Amino acid sequence: MPTYPHRALVTGGAGFIGSHSVELLLENNFNVRVLDNFSSGHLSNLPTHPQLEVVVGDIRDRDDVQAAMQGMTHCLHLAAQVSVAKSVEDPIGSATHNILGALNVMHAAANAKVSKLVYASSAAVYGIPAQLPLLEEAELQPLSPYGLEKWVDERYAALLGSLHGLPSLGLRYFNVYGPRQDPSSPYAGVIARFLDRLLSHQAPVVFGDGRQTRDFIYVGDIARANMAALLSAQCGICNVANGQQIDLLGLIALLGQLTNCHLPPQHLPANAEDIRYSCGNNQRLTEWLAIEPKWNLTEGLSELIHYVSKSHVAHDEPVNIRA
Ligand SMILES: NC(=O)c1ccc[n+]([C@@H]2O[C@H](COP(=O)([O-])OP(=O)(O)OC[C@H]3O[C@@H](n4cnc5c(N)ncnc54)[C@H](O)[C@@H]3O)[C@@H](O)[C@H]2O)c1
């Protein structure tokens, strides 16, 4: 048996989730090729490693994708236009990344006959939940082009499965947090933004009353789920959630305790595309991929605070939530 049998293309591998996933794949003896256009990812997120190759390219370009897919046995597709707000402002631009770009990757993966395609979907496909926690079978009513684009990706993946036998698993990540999430973007994750404000002794900015809830999952658990999904024979759709919700005021209080910075939030008007309550059922994650979240919120936040306090630079934009 060869020493390093798996060769995985990771699109968006220089980004937040991508770089953690790449690290874990390398630790597990994968050969990894990253395809990234560095629009939000950074080379400095990635280690120097003899089994890692980095290719600059764009998922919207068929030739880039086909060339990057050559010789690969697995594909983890993470590259995307990740902002809900941008998808509302520019739905066509967003769809070129999130539908056409994703289709380029899926089509190339089918042609290359990879043994598994895993791709990032999102809890944003659900929209307003009829009941919580959200099961994969729940009715989908996305509130944004971003959520709709991720749903279209799920449908394309299923179709390419029946047309070309492409084995795929779409992972509906809930709200991901952890080191390397960039707080300088106005669309950054809510935890990165709150923490950035608190560590600068500025009030965290909340859109609406702060009673909206989210299910936060640590990026290390997302990387574990991604790798397990690549190695699993399961196909279809699976939530990747912690299975617990907390409201934003509770989150700010917890961050206050952990950082010893207690500042009441500043409230701005609610965003129309914000979901009020969110919490995922992670039973399928456990049954299909044998993954239980390893970090609870306090543990994950402590890891993040440790990382951020070593390299903190303050930013001024208010927070938006995305999933
Ligand atoms: N972070 C979350 O809370 C969350 C939640 C649900 C789903 N997701 C999904 O997970 C995936 C990764 O998100 P992330 O949080 O790591 O974001 P990120 O912005 O850190 O990573 C995205 C990466 O993709 C690259 N990229 C963007 N457009 C590209 C293109 N056209 N061609 C090639 N590379 C391109 C960027 O440079 C970046 O490295 C995305 O598909 C996102 O929609 C994230």
Can you sort Val22, Val88 by solvent-accessible area, 1.4 Å probe, largest first? Val88, Val22
What does the highest-first list of 252-262, 10-20 look like by mean Cβ count within 10 Å? 10-20, 252-262
Measure of size requested: the Rg and Dmax of the chain, with Cα atoms as the atom set and Å as the unit; please supply both. 18.7, 59
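Dipole of the range 40-132, Cα-centred, from +1 at each Lys and Arg C-beta and -1 at each Asp and Glu C-beta, to the nearest 20 debye?
For the range 40-132, the charge dipole is close to 300 debye.
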For the pair Ile128 and Lys294, how long in nm is the line joining their label points, each one 7 Å along Cα→Cβ? 3.9 nm
Output the pairs from Lys86/Lys150; Lys116/Lys294; Lys86/Lys113 with a Cα-Cα distance over 26 Å in this structure; if there are none, say none. Lys86/Lys113
Any DSSP H helix in the chain with Cα axial reach of 15 Å or more and mean Kyte-Doolittle score of at least 1.0? Listed by number, the hits are 219-231, 248-259
Express as a percent, rounded to the nearest 5, the fraction of DSSP beta bridges in the chain (both residues included) that run antiparallel. 5 percent
Other residues with Cβ under 10 Å from the Cβ of Thr73 give, with Lys and Arg +1 and Asp and Glu -1, a net charge of +3
Dividing the mean separation of Cα pairs under 8 Å (6+ apart) by the residue count of the chain yields a relative contact order in percent of 18 percent
Rh (Kirkwood; distinct C-alpha pairs) - the range 78-197, Å: 15.4 Å
Mind jotting down the distance between the C-alpha centroids of the range 104-132 and the range 135-166, whole Å? 6 Å
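The values are calculated or read from the model by the stated rules, or taken from the named source; none is laboratory data. It should be emphasised that the depicted structure is a prediction, and the values quoted were computed from it without experimental measurement. All Cβ positions, glycine included, derive from the backbone under ideal geometry; neighbour counts span all protein chains shown. Ligands, DNA and RNA are excluded from the accessible area calculation, which covers all protein heavy atoms including side chains. Shrake-Rupley method; radii C 1.70, N 1.55, O 1.52, S 1.80 Å.
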